[in-house]
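Student: Below is one structure. I have some questions about it.
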Amino acid sequence: MAATWLTSSDSLAERGRIAEPLDEWVSGNAIVLQMPVERQMLQRSRNSRGLRFRVACGMSDEIDVRLANAADAAVLARHRAEMFRDMGELDDGQYGTLLAAAEQDLAAWLAAGDYVSFVASPHGRPAEIVAGAGIQIRKLLPRPLPGGTGIRLGPEGIVLNVFTERAWRRRGVAERLMQHVIDWARSHGIARLVLHASPDGRPLYERLDFEPTNEMRYTGELPGTP
């Protein structure tokens, strides 16, 4: 099986493109996960121009993975809407509203470098995006590491929009994309990587060394909450 290589750009931290994002909770049944500190050893690429990723998919399928850009916002917005629909969190009456709002935000964030996404396509068919996974960056204040082993410095990455088209599920595409997200985070100075997992998604994230945390969420009234 042939391999495709992808080169990432310079780190967002070095470019100063780190934004304070809106937090997200998938549902009351969502599980908040993060990578253990000992598995977050920050690694800089030996290639000064960025990381190179070898991309392939299991079984007989071959996929190409690339970094998304603002032109992909409509596809990524549909992924987001379909993800919430699959979880039973989005009805038909709200689908269009979420789709339009997500496309607007994703286009702006991708253009600014505040959101980084990887998309997968069948080999030789780059216009056919069958899956995606992204990471939104937010600043964190320094804090002690568990066990007094040091001080955590650097931004946090929130994994969002992990979605695979139905015909491409159970082929390892989502796991392959998540490996790219993790590699990108390691090479770009991300100090903490977290996500909010649905029950169906939890086994995948546990295989990738995410674990539950003690985070809580506020359920009272806030702007934007009906």
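Student: Got a sec? Which of 120, 111 is of a type in the set (A, V, I, L, M), part of a helix (DSSP H, G or I) and under 27 Å from residue 155 (Cβ atoms)?
Tutor: The match here is 111.
Student: If residue 77 meets every condition in (1) assigned to a loop (DSSP other than H, G, I, E, B); (2) modelled with pLDDT of 95 or more apart from one, which number is that one?
Tutor: All conditions are met except number (1).
Student: Another question about this same structure. Looking at (1) at pLDDT below 90; (2) among the charged types (D, E, K, R); (3) surrounded by 13 or more Cβ atoms within 10 Å (Cβ to Cβ), which is the only condition residue 46 fails?
Tutor: Of (1) at pLDDT below 90; (2) among the charged types (D, E, K, R); (3) surrounded by 13 or more Cβ atoms within 10 Å (Cβ to Cβ), only one is false for residue 46: (3).
Student: Any residue in region 199-211 that is farther than 16 Å from residue 83 by Cα sitting within a Cβ distance under 9 Å of a residue that is among the charged types (D, E, K, R) and part of a helix (DSSP H, G or I)? List the pairs, counting only those 6 or more apart or interchain.
Tutor: Hits for this filter: 207/175; 208/175; 209/39; 210/202.
Student: Answer yes or no as to whether residue 72 is at pLDDT below 95, surrounded by 13 or more Cβ atoms within 10 Å (Cβ to Cβ) and of a type in the set (Asp, Glu).
Tutor: no
Student: So for region 190-206 (the condition being surrounded by 17 or more Cβ atoms within 10 Å (Cβ to Cβ), in contact with a Pro (Cβ under 7 Å, 6 or more places away or on another chain), under 23 Å from residue 65 (Cβ atoms) and at pLDDT 90 or above), does at least one residue qualify?
Tutor: Yes, region 190-206 has at least one match.
Student: If only one of 88, 93 is free of Cβ contacts under 8 Å to residues at least 12 places away in the same chain, surrounded by fewer than 16 Cβ atoms within 10 Å (Cβ to Cβ) and under 22 Å from residue 199 (Cα atoms), which one is it?
Tutor: Within the list 88, 93, the selection yields 88.
Student: Looking only at region 127-162, count every residue that is farther than 16 Å from residue 76 by Cβ, surrounded by 17 or more Cβ atoms within 10 Å (Cβ to Cβ) and free of Cβ contacts under 8 Å to residues at least 40 places away in the same chain and tell me the total.
Tutor: Of the residues in that region, 2 qualify.
Student: Quick one: which of 150, 124, 113 is of a type in the set (Gly, Ala, Ser), in contact with a Lys or Arg (Cβ under 6 Å, 6 or more places away or on another chain) and farther than 16 Å from residue 183 by Cα?
Tutor: After ruling out the rest, the residue left standing is 113.
Student: Which one is surrounded by the most Cβ atoms within 10 Å (Cβ to Cβ), of the residues in region 163-178 that are out of contact with any Asp or Glu (no Cβ under 9 Å at 6 or more places or on another chain) and without any contact (Cβ under 8 Å) to a residue 12 or more places away in the chain?
Tutor: Looking at residues that are out of contact with any Asp or Glu (no Cβ under 9 Å at 6 or more places or on another chain) and without any contact (Cβ under 8 Å) to a residue 12 or more places away in the chain, I get 169.
For every residue, the table says whether it meets (1) assigned to a strand (DSSP E or B); (2) closer than 20 Å to residue 62 by Cα; (3) over 15 Å from the mean Cα position of the chain (by Cα); (4) among the polar types (S, T, N, Q).
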residue: 128; (1), (2), (3), (4): no, yes, yes, no
residue: 154; (1), (2), (3), (4): no, no, yes, no
residue: 157; (1), (2), (3), (4): yes, no, no, no
residue: 160; (1), (2), (3), (4): yes, no, no, no
residue: 163; (1), (2), (3), (4): yes, yes, no, no
residue: 171; (1), (2), (3), (4): no, yes, yes, no
residue: 182; (1), (2), (3), (4): no, no, no, no
residue: 186; (1), (2), (3), (4): no, no, no, no
residue: 196; (1), (2), (3), (4): yes, no, no, no
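The values are calculated or read from the model by the stated rules, or taken from the named source; none is laboratory data. Because the structure is a prediction, the values reported are computed rather than measured. We place every Cβ from the backbone using ideal geometry, glycine too, and count neighbours over all the protein chains shown.
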